[in-house]
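Right, one structure below, let's go through it.
Throughout, read-outs are computed from the coordinates displayed, never taken from laboratory work. Quantities reported herein were computed from a predicted structural model and do not represent experimental measurements. Note that we place each Cβ from the backbone using ideal geometry, even for glycine, and neighbour counts take in every protein chain shown.
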Amino acid sequence: MELRISGPLVLLFLAALEGESRYFEVRGVGKEEEEEPVLMLRSEWKRELAEGQLYRRSLRCIDMLSIDGHFTFTADQPQLHCATFFIGDPQEIITLDFDFINIDCQGGDFLKVFDGWILKGEKFPSSLDHPLSTLERYIDFCEVGQIKSAIRSSQNVAMIFFRIHDPGNGFALTVKKKPNLFPCNVISQTPVGRFTMVIPHQHRNCSFSIIYPVMIKISDLMLGHLNGLQLKKPSSGCGGVGDFVELLGGNGLDPSKMFPLADLCHSFHGPAQMKVGCDNTVLRMVSSGKHINRVTFEYHQLEQHELEVREENSLEEFCLSSV
């Protein structure tokens with residue numbers, strides 16, 4: 001499976017966060033270096049390996065992984081602004097097992113794990129939707145007591161970010177995926193897909209993020225009450241309805257900072273089809289825990305000619321300036 005990442009997201013990778021309020025920047029890179037993440041993302045993916053064989057390779061300073069394997073990073077020069085992004089299939093969570101860590105915390109090195117992705121100050125899942133507080137989502141290997149080696153994500157994405165000054169220092173980790181029976185927050189790694197989100201009597205909010213301008217078609221929505229689809233206006237919404245689905249669009253990562261495009265307040269059998277020209281489209285389900293809520297949808301990345309054609313039910317004008 002090949003992961004195709006749009007240009008805007010690659011730029012986000014190059015501005016990933018060092019911590020909660022500090023950013024790292026990639027300085028002094030030319031056009032060829034700027035394109036390296038794209039080349040890496042398109043050439044990495046799932047390979048045919050002999051049964052039982054573990055995939056191995058070294059990590060880059062800026063890297064992204066969608067496959068299981070054993071990965072090492074050894075600094076050949078001071079590496080001050082590095083991050084690795086991990087992504088699995090929607091029905092997977094990620095486990096990171098650190099085999100060894102050799103960094104100089106007293107000298108300014110650090111190695112941190114974040115449960116989710118954090119880019120340009122925006123988090124996925126958002127703080128509103130994650131079961132842990134923002135502080136609990138970080139594991140800092142330089143803090144006293146933070147010595148656990150195996151870490152499990154809450155969703156199909158996770159990341160590490162690190163700074164290493166001395167050549168020869170580094171770390172090694174093993175990445176594995178585990179099944180997730182009821183995936184909640186998901187970033188899609190493909191520009192085309194179909195997914196059913198189920199929240200079984202749980203009081204939680206779940207978001208499915210698609211990092212492309214897309215056509216999204218909702219074919220079935222079960223919320224435990226009646227029919228209807230309502231385009232959102234500033235004063236409208238689902239009112240006191242405790243279970244609903246909303247469609248969001250924006251150019252960042254955090255669903256809580258995105259523009260609300262439509263509310264789906266009641267059950268229906270579709271299709272309900274919408275075109276969204278944003279860099280990121282999110283389908284978010286809010287659940288009170290009183291019902292088994294389910295939504296089935298499919299999506300595909302919009303081609304340029306589709307973005308240029310306006311239709312009555314088209315919502316891409318909210319984001320056309322970024323396309």
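If you scale each eigenvalue of the Cα gyration tensor by 5 and take the root, what three semi-axes come out for the range 116-196, rounded to whole angstrom and sorted largest first?
Details: eigenvalues 138, 51, 40 Å².
The three semi-axes for the range 116-196 are 26, 16, 14 Å.
What Kirkwood Rh does the range 240-311 have if only Cα atoms enter the pairwise 1/r average? Answer in Å. Present the calculation step by step, with values, prior to reporting the outcome.
Details: mean 1/r = 0.0727 Å⁻¹.
That comes to 13.8 Å for the range 240-311.
Please list 130-140, 258-268 highest first by mean number of surrounding beta-carbon atoms within 10 Å per residue.
Going by the mean number of other Cβ atoms within 10 Å, highest first, we get 258-268, 130-140.
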Next on the checklist: What's the whole-number percent of alpha carbon pairs in the range 68-110 lying beyond 11 angstrom?
Outcome noted: 78
Checklist entry - If you take the beta carbon distance between ARG57 and GLU303 as r and set R0 to 30 Å, what does 1/(1 + (r/R0)^6) give as a FRET efficiency, to the nearest 0.05? => result 0.35
Next on the checklist: Give the separation of the Cα centroids, the range 249-273 to the range 159-174, in Å.
Outcome noted: 39
Next on the checklist: Please compute the modelled spin-label separation between SER219 and VAL241, points set 7 Å along Cα→Cβ, answer in nm with one decimal.
Outcome noted: 2.2
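Given a cut-off of 27 Å, name the pairs among LYS177/LYS275; LYS178/LYS257; LYS123/LYS176; LYS176/LYS217; LYS112/LYS290 whose C-alpha atoms lie farther apart than that in the structure shown. Write down the numbers at each step before the final one.
Working: LYS177/LYS275 32 Å; LYS178/LYS257 30 Å; LYS123/LYS176 23 Å; LYS176/LYS217 32 Å; LYS112/LYS290 37 Å.
From LYS177/LYS275; LYS178/LYS257; LYS123/LYS176; LYS176/LYS217; LYS112/LYS290, over 27 Å: LYS177/LYS275; LYS178/LYS257; LYS176/LYS217; LYS112/LYS290.
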Checklist entry - Can you tell me the Rg and the Dmax, both Å, for the Cα atoms in the range 53-182? => result 14.3, 43
Next on the checklist: Going 7 Å from the Cα of GLN202 along its beta-carbon direction, which residues of the range 260-286 have the amide nitrogen within less than 19 Å of the resulting point?
Outcome noted: 283-286
